[in-house]
Every structure is written in C-alpha cells, then in structure tokens.
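This report refers to the structure that appears directly beneath it.
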Amino acid sequence: MESPEISDSSKSVKLLYAVSLLDPWDDSEYVVRTNDTLKAYENIGFDIEIITRWGYPQDKGYLVDDIKKVSRENNWQIHLMNDPSGLREYKFDEYITQAEAALRKKITKINPTFVIACNDFHNALPVIKACKKINIPVFYEMREIWALNKQINDEEFMDKSDYQKRIELEIKAANLSDGIISPSVSLKNWLIDKGVPEQKIACVTNVVAKDSIKKIHKRKSLLSKFKKSFIIGYSGPIREYEGLQDLLKSISLLKKSNPRVKVKALIAGEGIYKKTLKSLTKELGIQNQVFFYEKIPSNEMNNFYKEVDLMAFPRKRTAFTELTSSSGPSNAMASGIPFITSDIVSNREYVIHEINGLLYSHDDVVSIHNLLINILNNSIDINEVALSGLKWISSNGTYDASIKKILPFLITRYLCSIGSKKPLDFTPMNQMLNFSLDSFTGEENLFLDILKQLKSIGNSRSSSNVLTCLIRNIGKIAPAIVIKSLISENFIGLKLDYRNIRDLSVIFNRCNMEEINDLANLLKVSSLEQKLILIGFSLRDVTSKDKLNVIFNGREYNHNLNWPNRHNFEIYNSNSLSKDNQAKGVSKLTNQNKENKFDINEFQISSYLFNLTNSINIKNLDDIDSDIMIKEFFPLIKDNNDNY
C-alpha cells in the first residue's frame, strides 16, 4: 500500500479539487471559474491541490512532459492524470471503471481531507466512486449539464441513447456524492425532480472574484469610429441559444422606427453560429452597424468595456439556459457597466430589474426594442442602475462571500460522512470543527448554522454523532451558547441521546453565574418543551444544584425539584418494571450498567424528558406520571441503545 504524500503546507485541511479542464490547455469560462473558486477556498484557509480528469490533457491531443514547466500565478500542487487512451479509447461505464482504478490509487496517495469534483460525470463519477471506496468525503460541483448543452447544438442528440445515458450518469454521480453544489435554484429543482434529495444540494449563483470588482470609467478613444454612436457590446461564446440574432433584429427594428438614432453593436467571441450572424446582418441591412471581433482574453475585457455604453446578454429560453446562467451579467456588474438580459429563470435568480440590471421578455425582439428606446430617451438612468449593480455584487456576488455561505453545508455534510463510519473516530471531526471556528465570525454562528443543517438532514446515526461532536467542541469554548440554544428551542427537531445529556450537564456546570442569570431570564419566555429538556439533564446528580436553583427558583415556571443524591426512581425499580411486558428489555438492561457504560436509570429518565414532547402532547408537568412514562417511553429505550 502506498504511503500518503506529505504536503509542504502547514494548513490542517487539504481540499483536492478535481477538474475536467485546466489552463494553459483551456482558457474557457470553466477554467476562469475554477481559478476564482479556488482562490476563495484558499482565502478561507484550505490547502489546495488539483487533480485532472483521467486522461487529460493527453487524451485531448496535448503533449505534456512536466507540469513544472507551466508558469502559474499560484502555488497549488497539480496532479495530471495523463493517459493517451482516456476518452479516446473508452466510453461511459468502461471509461469510468478505468478512471476509477487510476484515481483511487492516486487519491489514496494524496490523502486529502475531502474532495470536490466538477462536472461533467466523466470527471466527477470516477472520483466520487474512488473516494467512497477509500472513505474520503466527496462533493459534486455541478456547474451545468453538458449533455443539455450538447443537445441544443445537435437537434438529433435528444433522441440518441447516449443522451439518456449521460443524464443517467449525472444523476448517479449526484446521488452517490456526499453533497452537490449547484449554480442555480433551477438546476437544484431539476435535480430534485430527478430524485436527488433536496437536503443534499447547496446553491452558489453566478459570482465574481473579489479583486475583479472595480468601476470601469467609460473612455472611448478620440480616434474611435464609434465615438458619436450608442454602443452595445457582447463578449462570450457565439451560439444560437445566446440570442444574438434577437439583438440584431431589435437593432434593425430600431433603425426603422428611429432612423436618426445611431446604434452600433460590437460582438466579440467565437462559435459555430458566428457565420450565421454575419449573414443575418446583411439580410437585415445593418452590416454597417454590427462589427465582429475575435474572442477577447479575460485580462483584456476592461479595454472592451471602456468602448461600450451597454452590454447585452440576450439568452434565449432553452432547457440548458433555464438551468445555468451566463457569467456575463455578473462580470458587467463588477465593472460598473449597465447591461440588458432576458428574463429566463436562471437570470431572474440574481438579476433584479432596474436594481442591478435590466430585464426584458425572453425571445421577444419587440421587448428588446422597447427597452432600448427607454434607455435611449433616458426614461431609464442606466448609469444609476450600473452603480447600484456594482454595490449589489460587492455585497452579494463574490466567490469569497458565496463559499463562506455554503461552508456550513460543506462542513456538516463532511461531518456526517465521517460520523457514519464504523468504528467511529471523532478525531477528523474535531479537526474540521476547530478549523471551521477559525473561518467563522463567532462560535454561535457556526453552532446555529450546523444545527440548521442537521435538522434538514434528519435524525440518523451519523447526524447524532455530528451533534455530539458539535456540542462537545462548542461546549468547551462557549458553554453558554450551547445551553442558550437548548433553552431557545434551537434543538427542537433534533434527537438527543445519552451522550448529549451527559455532556450538557458538564457544559452547564461550566457556565459562570453571569451566564446563568442570563439563562434564567431566557427561560421565562421558553416553551414547556424546552423547560422539560432543561429538567432532563438537571436530573443528573453531577449537575450543579446551586446553578439549577438560580435557573428555576422564583421564576414563573415554578416546579419544586427535590435533588436526589442518587437516581433511584420508583418507576424504574426492577420489580415495577417486570410488571409491564414492554419493559422487560429495559429491566434486563438495568443489570448491565457496566456494559452500557452509563447509569441506565439516569439515562431512562433524562432521555425520556429530552424526547418526550415529540410523541406526547403535554400541557403541564402534572401530565407526566409513571403510567405515561411506561406506556410511551419504554419501547424507545432498546432502540436508543442499539443505535449508538
């Protein structure tokens, strides 16, 4: 067995990022997004390493001898999975089998903390399957569905069997992963419709790199032939679904309705539809108003922005574009450039009309024409919208902000993956939580965010283990936060076991008297359910009785608690238990305290009070009697002991 590679980095959490494309062999939007995303993860504190799709880049015809010869602006270690066969010789299941074997060996050697694999399934599925076999948590960053993109460019593709196969493998990768990162709510809903559990999906809408946000001051060259015209710009791939034909038709319509208006369009990019657009300009008689350019490198876009008055992203409504939006609007916002775009679902998720951009009815040439008229006659102040868009994206649309937003999702899903393993090892869970505390603004935010994630996941062995780890870690450094959350109903919907009751007693004892007084005031407005929960761990003989008296005495919730030295409750007397058939299993457990490693009597009464209100409608403490306890709670005892 190969030994793990030793990283030079002193950082404690290693993220291995698996990609289909990488610079310098590709310079697509995919590659730009990869670099910007990884910078955001690095800013949080992750140690970054990259691994390519098996076969890449050699199976694409590139000759690569030594990755060290490639000049890069960062120090991320790159693992090229070169193989000349790759996608040249293998397809679908056969490719995935070959790729998984090679990747499993390599990922074992790299030994990452967790892995994020990007689309499509050729890259993601082998990585996910390999990680599952070596017990490494793995996520699928599904930026788009390439099969849908291919289907749009090939009308017959939808009917071909390999389209269905590609979709099937995409869904398989999503379901097998520990979590999915989606670029839009619409893609998330598409996955849910395909049977992927909603709680497994987090969304990161179109965003930009923080350092790219900078107001571009429009400065047309004095020698520019466009200096007396209103210039509409477009930069990006030139495909039919980008809707540039609608933009050209609207310019033609504008020429007829307002012949004095001088409007020109600059279209930069490459694609199979470019030739069709050039022919269309001649048919419409606007060839002197539309100018085509080659693809503009991302580092030269600012010069392009300086020459235009308005950017246009007139995407048409298709199965592909409804799920994934263009990055164009976000990039325009980040540069303070006004833009128009269609109101397809994926755009409406983050473009707000006349707030950060301008929307028109999709696939509607007249709607584009009318919007342009309103802009040209100053009915809409596009400079004000552009300034508002710049402020909006600065606050809401950076990779750094978005990654921090989904961090609780990633952390919780990671913890659940580790917490599901047997034998259970809390060490990596503790390490991830400690790392996460350094990345969050306060322990309480992290605690509450993970609790919220656990509620969406539901009760299970893994979520129970995560809850235990969370309570212990936060309880060490901020005990009042844990007890406050307990009283404030943040634990409602989560099943607490005997470990939590034991830990909560210790954590409660750590609270100082100032915190205890604050908790006492909080208890005034708490529900009966939460008061019962507090009583649950208060019945442990190790819980500080002085602090408990401060909590309960003189409050509107006035229950006379007699603190026993030992828990010898009458209803749990062995003779009493034997009278009820349902309790025979519990009676047997009572004689196995050493094996169970805790006081079963104490566990029974405490755990019962913790989980009581999930099954019984109790309006006051008088409703709690031994008959209810025996009837409702005893059947739960054996399950609790078996599961943990």
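Just a few scattered comments:
- Pairing residues of segment 169-181 that are touching a residue at least 24 places away in the same chain (Cβ under 8 Å) and of a type in the set (D, E) with residues that are part of a helix (DSSP H, G or I) and open to solvent by 20 Å² or more (accessible area, probe 1.4 Å), at Cβ distances under 6 Å and at least 6 apart in sequence or on separate chains, gives D178/R413.
- Residue count for segment 10-22, restricted to those that are modelled with pLDDT under 85 and either of a type in the set (A, V, I, L, M) or surrounded by fewer than 14 Cβ atoms within 10 Å (Cβ to Cβ) (or both): 1.
- Test: residue in segment 51-62 that is part of a loop (DSSP other than H, G, I, E, B), touching a Phe, Trp or Tyr at 6+ places or on another chain (Cβ under 6 Å) and open to solvent by less than 30 Å² (accessible area, probe 1.4 Å): yes
- Evaluation of R461 against (1) touching a residue at least 60 places away in the same chain (Cβ under 8 Å); (2) closer than 24 Å to G45 by Cβ (one fails), failing number: (2)
- Filter pass, I216 being in a loop (DSSP other than H, G, I, E, B), modelled with pLDDT under 90 and crowded, with 17+ Cβ neighbours inside 10 Å: yes
- Residues of segment 246-282 that turn out to be part of a helix (DSSP H, G or I), closer than 28 Å to A319 by Cβ and out of contact with any helix residue (DSSP H, G or I) (no Cβ under 7 Å at 6 or more places or on another chain), as a count: 6
- Among the candidates L470, L451, L486, L528, residue that is at pLDDT below 90 and buried (at least 17 other Cβ atoms within 10 Å of the Cβ): L486
- Residue that is least open to solvent (accessible area, probe 1.4 Å) [pool: residues in segment 283-310 that are aliphatic (A, V, I, L, M) and assigned to a helix (DSSP H, G or I)]: M301
- Screening L387 against (1) within 27 Å of the chain's Cα centre (by Cα); (2) open to solvent by 40 Å² or more (accessible area, probe 1.4 Å) leaves a single unmet condition, (1).
- Qualifying residues in segment 78-136 (those that are among the polar types (S, T, N, Q) and assigned to a helix (DSSP H, G or I)) - the one least open to solvent (accessible area, probe 1.4 Å): N123
- Matching residues, segment 180-194, being in contact with a Cys (Cβ under 7 Å, 6 or more places away or on another chain) and either crowded, with 23+ Cβ neighbours inside 10 Å or not in a helix (DSSP H, G or I) (or both): S182, S184
- Selected residue (criterion: most open to solvent (accessible area, probe 1.4 Å)) from residues of segment 341-366 that are under 19 Å from S395 (Cα atoms) and part of a loop (DSSP other than H, G, I, E, B): E354
Here's the yes/no breakdown for (1) under 19 Å from I44 (Cβ atoms); (2) of a type in the set (S, T, N, Q):
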residue: S388; (1), (2): no, yes
residue: G397; (1), (2): yes, no
residue: I406; (1), (2): yes, no
residue: R413; (1), (2): yes, no
residue: T427; (1), (2): no, yes
residue: N430; (1), (2): yes, yes
residue: F447; (1), (2): yes, no
residue: K455; (1), (2): no, no
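- Segment 226-245, residues that are open to solvent by 10 Å² or more (accessible area, probe 1.4 Å) and in a loop (DSSP other than H, G, I, E, B): F226, K227, K228, S229, G236, P237, R239
- Residue match in segment 483-491 (condition: in a helix (DSSP H, G or I), among the polar types (S, T, N, Q) and touching a residue at least 60 places away in the same chain (Cβ under 8 Å)): no
The values are calculated or read from the model by the stated rules, or taken from the named source; none is laboratory data. All values reported here derive from a predicted model rather than from experimental measurement. Quick reminder, even Gly has a Cβ in these numbers, built from the backbone with ideal geometry, and neighbours come from all protein chains shown. Quick note on the areas: whole protein, heavy atoms, side chains included, nothing else; ligands and nucleic acids left out. Shrake-Rupley method; radii C 1.70, N 1.55, O 1.52, S 1.80 Å.
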